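The values are calculated or read from the model by the stated rules, or taken from the named source; none is laboratory data. A quick note: this is a predicted structure, and the numbers were derived from the prediction, not measured. Ideal geometry is used to build each Cβ from the backbone, glycine not excepted, and the neighbour counts take in all protein chains shown. All accessible areas refer to the heavy atoms of the entire protein, side chains included, with ligands and DNA or RNA removed. Shrake-Rupley method; radii C 1.70, N 1.55, O 1.52, S 1.80 Å.
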Amino acid sequence: MTNERIILHCDINNFFASVACLENPTLVGFPVVVGGSEKSRKGIVLAKNMEAKLLGIKTGMPLFKARELIPTLITVGSDFGKYSEYSKKIKEIYIRYTPQVESFGMDECWLDITGCMKYLQKHKTPLQIAHEIRKTVKSETGLTISVGLSFTKVFAKLGSDYKKPDAVTEITRDNYKTFVWNMPVRELMGVGRKTNKVLEKLSVYTIGDLAKADTSALKKTLGVMGVRLQKEALGEGDTYVEEYLAHSPAKSVGRGTTTPNDLTSTPQVKEYIKKLSDEVGAKLQKNNQLASGVALKIKDNQFNSFIRQKALKAPTAEPAEIAKTASELFTENYNLTTDLPIRALRVTAINLLDL
C-alpha cells in the first residue's frame, strides 16, 4: 500500500445490544433486542444481538412481530448515556494511534494512520496495527469491532462490513477489482434503494458494472452523484479523514445517531427522536442549563441533509418538551411517503441559558 493513504474503518459489532449484554452478563447467550415499549405496539427493534439476528430478527421490525417470531425474546430499553460512555472510551483508544479519527455515528469511525506509521512501533504493518486496535478494544472494553483497511474511506467501510464480528479485512490497490467489483452495487456507501433501482435500469448490478459504466449516462441519470459513485467504484474516492476534537467548547447540547437501517416510517423516526431527546434533556439537567430552542438535523440515505429549528414557548430541560418540538419539526418538514428514507438524526438544544 506504498504511496496510498492508510485508512481504517472501525465498526463496533451490534453496538447497542452488545453494551446491554456487557452491562448485564445474564443476557449473554440469549436472543436480545434493544427497543421501546411492546405494550404500545409502536415499539421497534433498534438493535439486536447475534443470537436474535440468527433467529430472523431484523432492525426496524415492530417489537410485537419480533415477539411472535421468538416468544422467549428478551427486550431491554435503550440507554444512550451508557452508549455514549462506551463510544467515548473506544474513540480514546483510536486517538492513541492517530489524531485523524472521524466519527460516523456512535459506533463507526474512520482512522487515517498514514502520517503516524513512523511514530508507531517499528516493524508493524498496517494490517498488524489494525489487529492491534481490534484486540485493544476487546481487552479494554469487552466489545468487539470489525475493521476495514484500505486506501479510500468507502473501500475501508466495505472491508469492515465484509466480515463480522471481531475481524479485519484488507482491500488493497492490488486486490480491489477481484474483491470489490463482484459485490452488489447496493453494498457501496451512498447507493440506497432508489439509486439502486436507477442503476439497474442502466444494467448496473455490481460495483464492477458501475466502474465500467458509461460516465455520460451516469451523469445524465444521476447527475454529479453518479460520477462520484463511479469514482468510488474505481478506487478514486474520498480519502480525507477529519481530526477528532474531543474537547471543543460546547455552544449547544446535541445527540445524534446513524441508524442501523434506513428509517421508513414516522413511528420509527419519533422513537429515535424520543431517545435522543432523553439524552439531551439529561445532559442539560446535569449542566444546570435550559434550552430556549430545539434544532433537528435529518440526513437521508443519499446523504442529503437539512436542519430546521424552532423556539420553545418557555426555556426547558425536560426531555418530553424537547422531543415534542423535535417531532413537530419532523412532521412539518419531512414526508416519508414522498421523501427518501432517513439514515441519520440529530436533536440539539440551542440558545442555552445557565441556571
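Among the residues examined, ASN261 does not qualify as more than 18 Å from the chain's Cα centre (by Cα) and not basic (Lys, Arg). Taking the stated definitions as given, is LEU46 touching a Lys or Arg at 6+ places or on another chain (Cβ under 8 Å) and over 30 Å from PRO126 (Cβ atoms)? Yes; evaluated as a whole, the condition is true for this residue.
For the stretch 140-165, name all the residues that are touching a Phe, Trp or Tyr at 6+ places or on another chain (Cβ under 8 Å) and in a loop (DSSP other than H, G, I, E, B). If the condition is that a residue be touching a Phe, Trp or Tyr at 6+ places or on another chain (Cβ under 8 Å) and in a loop (DSSP other than H, G, I, E, B), then LEU143 is the only one that fits.
Within the stretch 89-99, restricting attention to residues that are open to solvent by 50 Å² or more (accessible area, probe 1.4 Å) and among the basic types (Lys, Arg), the residue that is farthest from LEU276 (Cα to Cα) is ARG96.
Among the residues of the stretch 154-187, write down those that are open to solvent by less than 40 Å² (accessible area, probe 1.4 Å) and either at pLDDT below 95 or of a type in the set (Val, Ile, Thr) (or both). If the condition is that a residue be open to solvent by less than 40 Å² (accessible area, probe 1.4 Å) and either at pLDDT below 95 or of a type in the set (Val, Ile, Thr) (or both), then VAL154, VAL168, THR169, ILE171, THR172, VAL180, VAL185 are the ones that fit. The strands (runs of 3 or more DSSP E) found entirely in the stretch 1-88 that carry 3 or more residues being open to solvent by less than 30 Å² (accessible area, probe 1.4 Å) and closer than 30 Å to TYR244 by Cα are 7-12. For GLU236, the criteria (1) within 18 Å of ARG193 (Cα to Cα); (2) assigned to a loop (DSSP other than H, G, I, E, B) hold in every case but one, which is (1). Of note, VAL137 satisfies the criterion of being over 21 Å from GLU232 (Cβ atoms), in a helix (DSSP H, G or I) and β-branched (Val, Ile, Thr). With respect to the conditions (1) under 27 Å from ARG343 (Cβ atoms); (2) touching a helix residue (DSSP H, G or I) at 6+ places or on another chain (Cβ under 6 Å); (3) part of a helix (DSSP H, G or I), LEU111 falls short on a single one, namely (3). Tally up the residues in the stretch 67-98 that are more than 16 Å from SER18 (Cβ to Cβ), among the aliphatic types (A, V, I, L, M) and over 23 Å from the mean Cα position of the chain (by Cα), please. Result for the stretch 67-98: 3. For the stretch 222-232, a tally of residues being touching a helix residue (DSSP H, G or I) at 6+ places or on another chain (Cβ under 6 Å) and not hydrophobic (A, V, I, L, M, F, W, C) returns 3. One residue stands out among those in the stretch 138-153 that are farther than 30 Å from GLN230 by Cβ and hydroxyl-bearing (Ser, Thr, Tyr): the one that is surrounded by the fewest Cβ atoms within 10 Å (Cβ to Cβ), which is SER139.
Open to solvent by less than 70 Å² (accessible area, probe 1.4 Å) and either part of a loop (DSSP other than H, G, I, E, B) or on the phi > 0 side of the Ramachandran plot (or both): does that describe ASP262? No; evaluated as a whole, the condition is false for this residue.
Rundown of residues vs (1) aliphatic (A, V, I, L, M); (2) in contact with a Ser or Thr (Cβ under 6 Å, 6 or more places away or on another chain); (3) closer than 30 Å to LEU8 by Cα, yes/no style:
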{"residue": "THR266", "(1), (2), (3)": "no, no, no"}
{"residue": "ASN288", "(1), (2), (3)": "no, no, no"}
{"residue": "VAL294", "(1), (2), (3)": "yes, yes, no"}
{"residue": "THR338", "(1), (2), (3)": "no, no, no"}
{"residue": "VAL347", "(1), (2), (3)": "yes, yes, yes"}
{"residue": "ASP354", "(1), (2), (3)": "no, no, no"}
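Of the residues LYS212, LYS135, only one is open to solvent by 30 Å² or more (accessible area, probe 1.4 Å) and over 29 Å from LEU340 (Cβ atoms); which?
LYS135
May I ask you to verify whether GLY256 is modelled with pLDDT under 95, outside any loop (DSSP other than H, G, I, E, B) and in contact with a helix residue (DSSP H, G or I) (Cβ under 9 Å, 6 or more places away or on another chain)? So GLY256 passes the test. Screening GLY190 against (1) surrounded by fewer than 16 Cβ atoms within 10 Å (Cβ to Cβ); (2) outside any loop (DSSP other than H, G, I, E, B) leaves a single unmet condition, (2).
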